[in-house]
Amino acid sequence: MTDEKKDMSILIVDDYKTMLRIIQNLLNEVGFRNIDEATDGVTALESLRTRPYDLVISDWNMEPMTGLELLKTVRADNSLKKLPFIMVTAEAKTENVVAAKQAGVNNYIVKPFNAATLRSKLTAVIGEF
Amino acid sequence: METSATKTAAEALYNEVLELARSIVEARKQIGSLRPSKLKTKSISKALLEMEEIVKATEEASNTIMDSAEQMSSADTTDPGYPDIVQTNCSKIFEACAFQDLTGQRIGSVIQTLDLVDSHLESLLELLGPDFEEVDDEKDDREGDDMLLNGPALEGEGISQDDIDKLFD
């Protein structure tokens, strides 16, 4: 992995600490070393407006702001609208995926997922690493 | 002056009311035999506690397993103590997996409660008879995007990762 990719700032958002830890470990394993965490959409948005990020990996079902609301807010914000955004969620109905896609999600992973799936979606969104 | 026809009608009405009163007494007796308060205070309360314990146990086990995995993956493989680190952490993982036995028993207990509730509801429906009309007041108060939130799909309900990927091709 190139240093440029290793240094990418990634924000992972999930209200389950276990899931944050799983994603963090998987990202560390492939070489990413600049990872922050948030437990809901509101705190994620605060982080996104505080420092620059290169990628968001977010759950959907969270309070007080869901992942979809976070995505829509990001896409409506001129300074954030191009930020790559991957949804990682247990919501696995077609209407969920369609709604996320219409809102501008770059990729969608359904839980439970494995390392290979996360890796392939990361490649699809940020390129080879 | 009371006519014979009026008297007969009054008697018929009296008998109807009497029959109705008997039915109500019988229904109350049968509902009582279902012991709804015991079901609520004992069985359902216990099932809720069991569910809380299941959540706690699975979380603790996940944390223990991840702690051990992290210790092994971050250990120096050239360290002479490395085999011991692996052995110790493997043992911790095996121990943590014992949660499955306990949570399995707790889930079994919750299933028993649900079976009990199911049979009570069945008895209640029998008691109410075939002409009983249900009032459908189950309303989903959610609006907009909130209506998309349904949690994990059951087997065969959701779409697969492959199908999702096709939507992004």
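The values are calculated or read from the model by the stated rules, or taken from the named source; none is laboratory data. Since we're looking at a predicted model, the values are computed, not measured. Virtual Cβ from ideal backbone geometry, glycine too; neighbours counted across all protein chains shown.
Some notes on this structure:
- No other residue among B:Leu125, B:Leu149 is over 24 Å from A:Asn28 (Cβ atoms), within 14 Å of chain A (Cβ to nearest Cβ) and either of a type in the set (Ser, Thr, Tyr) or free of Cβ contacts under 8 Å to residues at least 40 places away in the same chain (or both) apart from B:Leu149.
- Taking the criterion of being within 14 Å of chain B (Cβ to nearest Cβ), closer than 18 Å to A:Met87 by Cα and of a type in the set (Asp, Glu), the residues of the stretch A:3-39 that qualify are A:Asp14, A:Asp15.
- The residues in the stretch B:154-169 that are at the interface with chain A (Cβ under 7 Å from one of its Cβ atoms), assigned to a loop (DSSP other than H, G, I, E, B) and over 21 Å from the mean Cα position of the chain (by Cα) can be counted, and the count is 1.
- Flag for A:Asn61 being within 14 Å of chain B (Cβ to nearest Cβ), more than 16 Å from A:Asp14 (Cβ to Cβ) and among the polar types (S, T, N, Q): no
- Filtering the stretch A:82-126 to residues that are surrounded by fewer than 21 Cβ atoms within 10 Å (Cβ to Cβ), of a type in the set (D, E, K, R) and part of a loop (DSSP other than H, G, I, E, B) leaves A:Lys82, A:Lys93, A:Lys111.
- Among the candidates B:Thr64, B:Thr41, B:Thr77, residue that is part of a helix (DSSP H, G or I) and modelled with pLDDT of 90 or more: B:Thr64
- Looking only at the stretch A:40-76, and only at residues there that are of a type in the set (Lys, Arg) and touching a strand residue (DSSP E or B) at 6+ places or on another chain (Cβ under 9 Å), the one that is nearest to B:Arg142 (Cα to Cα): A:Arg75
- Of everything listed in (1) in contact with a helix residue (DSSP H, G or I) (Cβ under 6 Å, 6 or more places away or on another chain); (2) among the aliphatic types (A, V, I, L, M); (3) at pLDDT 95 or above, the single unmet condition for B:Ala96 is (3).
- Hits in the stretch B:59-87 - residues which are hydroxyl-bearing (Ser, Thr, Tyr) and within 26 Å of B:Phe99 (Cα to Cα): B:Ser62, B:Thr64, B:Ser68, B:Ser73, B:Ser74
- Of the residues making up the stretch B:119-142, just one is under 21 Å from the mean Cα position of the chain (by Cα), among the acidic types (Asp, Glu) and surrounded by 10 or more Cβ atoms within 10 Å (Cβ to Cβ), namely B:Glu122.
- Qualifying residue in the stretch A:61-79 (condition: at pLDDT 95 or above, hydrophobic (A, V, I, L, M, F, W, C), crowded, with 17+ Cβ neighbours inside 10 Å and more than 15 Å from the chain's Cα centre (by Cα)): no
- Of all residues making up the stretch A:68-81, the number that are assigned to a loop (DSSP other than H, G, I, E, B) and of a type in the set (Ser, Thr, Tyr): 1
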